[in-house]
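So the structure is just underneath, and the comments pick up after that.
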Amino acid sequence: MEETLELARSRHADHPQLPLALRLIENTGVRTRHIVQPIEETLRHPGFEDRNKIYEYEAKARVPAVVQRALDEAELLTTDIDVIIYVSCTGFMMPSLTAWLINSMDFDSTTRQIPIAQLGCAAGGAAINRAHDFCCAYPDANVLIVACEFCSLCYQPTDLGVGSLLSNGLFGDGIAAAVVRGRGGEGIELERNGSYLIPKTEEWIMYDVRATGFHFLLDKRVPGTMEPLAPALQELAGRHGWDASDLDFYIIHAGGPRILDDLSKFLQVDPHAFRFSRATLTEYGNIASAVVLDALRRLFDEGGARHRARGLLAGFGPGITAEMSLGRWHRPGEETA
């Protein structure tokens, strides 16, 4: 954070709203971030073509190890995977990285591919929901989810709005992977999923695609979106016979501290319930679609929840879209009559 603030002061010393931008960056709660290049190279911006080459190179260099760890944790081989869902909004490849993964890691040639590129931060939740749908349709299937986000490759030195300066101090890079098993395993046993889009908000989070690449646009109204989204979470839980304010664990996209603070307020949930998401924000920044998977990893690292504990997972992103799922924590060998 100290380095981020110093860079903002030195590069934008004459910016009329610099004090506001510095205050907003300090209030993100982000303490450290990780990026795929040294900061000096990130700030140079060699052009969209070169940046996309960096995206492809770094994804191929880093994703396989993360995928292998997820497979090992699930006690599965690549040949056990029926579909790969790949989510990313910070670079572009065609064919998708899924094709390269199938060839380079010896997945079966019959492995289905579902690349998702335009749901932004909500894509982590969407990937889990589509994996749930697939396993409902094919109960013996196994789904691999991969989120690869290099947000630093979207830095634009000519974007000087307060929202852009804030984004420069908020977003980080990260890769995450998870397996959704049709049968067996430990973790969240998914039971229901849903989506909700706040009407007439599609311009609140968006890319302006130019010759220089993706220019991220963030409306100042975005931090207030939990007020209309909290009822959508309550409605989904209510249809399942649950109360979203009275669950055992929460895995929430940490777009920023106000998102978590407001959701705690409008759901009437103890702020401590969002500790996993807040820890991800503090240690990695907003890593887009990978946030919910990293927050879930933290729940695993804590030892998980008690058997049959009820939980909610939600990702938020462009649209404004919420991708939500409900499930119970499953511990093998603890089933009861």
Relative to the Cα centre, what is the charge dipole magnitude of the chain, using +1 at the beta carbon of each Lys and Arg, -1 at the beta carbon of each Asp and Glu, and rounding to the nearest 20 debye? 420
Ordered by packing density, taken as the mean number of other Cβ atoms within 10 Å over each peptide's residues, highest first, how do 112-123, 19-30 rank? 112-123, 19-30
If I compute volume of the Cα convex hull per residue in Å³ from the structure I just sent, which labelled value in (i) 228; (ii) 132; (iii) 216 lines up? (ii)
Dipole of region 99-241, positive direction: furthest Cα of 168, 185, 205, with charges on the beta-carbon: 205
Relative contact order (percent, whole number), the chain, Cα cutoff 8 Å, 6+ residue spacing: 23
On a 0 to 90° scale, report how tilted helix 257-267 is relative to the longest principal axis of the chain, with both axes built from alpha carbons and the result rounded to the nearest 10. 40
Vicinal HN-Hα couplings computed from phi for region 92-105 (Karplus, 6.51 cos²θ - 1.76 cosθ + 1.60; Hz; Gly/Pro x): 9, 9, 9, x, 4, 4, 4, 5, 5, 4, 4, 6, 7, 10
What aspartates and glutamates could a cross-link reach from residue 220, if we take a straight Cα to Cα line under 12 Å and drop same-chain neighbours fewer than 8 places away? 203
Taking the dipole of region 39-99 about the Cα centre (Lys, Arg +1; Asp, Glu -1; charges at Cβ), the one of 77, 61, 90 that reaches farthest to the positive side is 90
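Which FRET efficiency value, to the nearest 0.05, do you get for residue 133 and residue 13 by plugging their Cβ-Cβ distance into 1/(1 + (r/R0)^6) with R0 = 41 Å?
0.20
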What is the gain in length, in nm to one decimal, between residue 50 and residue 32 on full extension, counting 0.36 nm per residue of separation less the C-alpha to C-alpha distance? 3.9 nm
Checking the a/c ratio against 1.5 first, then a/b against b/c, what shape does the Cα gyration tensor give for region 2-181? prolate
As a test of the definition: which semi-axes, in Å, follow for region 187-330 when you take the square root of five times each eigenvalue of its alpha carbon gyration tensor? Largest first, please. 26, 17, 13
The long-range amide H neighbours of residue 202, using H built 1.01 Å from N in the peptide plane and a cut-off of under 5 Å, are 320
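None of the figures in this text is laboratory data; all of them are computed from the coordinates on show. Computed from a predicted model, the values in this text were never measured in an experiment. Note: ideal-geometry Cβ built from the backbone for every residue, glycine included; neighbour counts use all protein chains shown.
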